[in-house]
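These notes are about the structure you will find just below.
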Amino acid sequence: MVPRLLLRAWPRGPAVGPGAPSRPLSAGSGPGQYLQHSIVPTMHYQDSLPRLPIPKLEDTIRRYLSAQKPLLDDGQFRKTEQFCKSFENGIGKELHEQLVAQDKQNKHTSYISGQGFDRHLFALRHLAAAKGIILPELYLDPAYGQINHNVLSTSTLSSPAVNLGGFAPVVSDGFGVGYAVHGNWIGCNVSSYPGRNAREFLQCVEKALEDMFDALEGKSIKS
C-alpha cells in the first residue's frame, strides 16, 4: 500500500500535520470532556438498544435490483432478474430461514437493515458456504461481482483522542480513505496498491476541498 496524508486547516490557516499540537482530551467543555470524565462504563447502554430485524428476502432482492438497474442494459438486467427470482424462490428462501433462526438464537447481536442489501446477501452467501451448499447462480452473476467491486472504500473515527488513522482498499484497483472531521481541521489518509496513483487521487480530494472552502467563503470556484 502507498499511504498519503492530507490535513487541511479550517478556517484557512497553517496546515495541521503529524506531530503538530492537538487539542488535549481534557480541554473545553464539549461532549468529549463529558465522556472523558464520565463514570459510566463504555457500552453500558448497549443492551438497551433496539435490535434491528433481518429484512425480508423479497425486500433485499428488490433493493438489489433497484441498485443494479441503472448499471445494466436491458438484456443484462433481465438475466440478473432471473437469477434473483430463482434464488428468492429456491435456495435463497431456505438460507434466509436458517439465517433468521440463527439470529433468534443470538439475542446479543443486532442486524443492520435499511436501504442496503449487501450485508444480507453476503450473510446468505457465507451461510451457503458454511453449509457446503453449491454457490447459487445469483453470486456467479457478473453483475453481482461488479456491484460488489468497491473501488472507493471509506471509514472514519473522529475523536479528540485520534489524530491520525487509515483505511485500506478492499480491491486491488481501489482506494482506502480514512478521514476525520474535527472542530478546526479536516483530513484524510489515502492508501492504495501500487497499481493505483494515490497521490493523484489525493490531489483531486484537495481540489474538491478547496472548491468547498471557496463556496463557503463566497468565492468563485476555479476550474
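The values are calculated or read from the model by the stated rules, or taken from the named source; none is laboratory data. Since this is a predicted model, take the numbers as computed values, not measurements. All Cβ positions, glycine included, derive from the backbone under ideal geometry; neighbour counts span all protein chains shown. The protein model used for the area step is the full one, side chains on, heavy atoms only, and it has no ligands, DNA or RNA in it. Shrake-Rupley method; radii C 1.70, N 1.55, O 1.52, S 1.80 Å.
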**Message:** Can you pull out every residue in segment 189-214 that is of a type outside the set (Asp, Glu), free of Cβ contacts under 8 Å to residues at least 24 places away in the same chain, open to solvent by 60 Å² or more (accessible area, probe 1.4 Å) and assigned to a helix (DSSP H, G or I)?
**Reply:** Gln203, Cys204, Lys207, Met212
**Asp103 charged (D, E, K, R) and modelled with pLDDT of 95 or more** = no
**Asked** So which residues in segment 135-188 are part of a strand (DSSP E or B) and open to solvent by less than 30 Å² (accessible area, probe 1.4 Å), if there are any at all?
**Response** Ser153, Phe175, Gly176, Val177, Gly178, Ala180, Trp185, Gly187, Cys188
**Request:** Could you figure out which of (1) touching an Asp or Glu at 6+ places or on another chain (Cβ under 9 Å); (2) aromatic (Phe, Trp, Tyr); (3) free of Cβ contacts under 8 Å to residues at least 24 places away in the same chain isn't true of Tyr139?
**Result:** (1)
**Request:** Inspect segment 73-81 for any residue being more than 23 Å from the chain's Cα centre (by Cα), of a type outside the set (A, V, I, L, M, F, W, C) and within 30 Å of Phe201 (Cβ to Cβ) and give the result as yes or no.
**Result:** yes
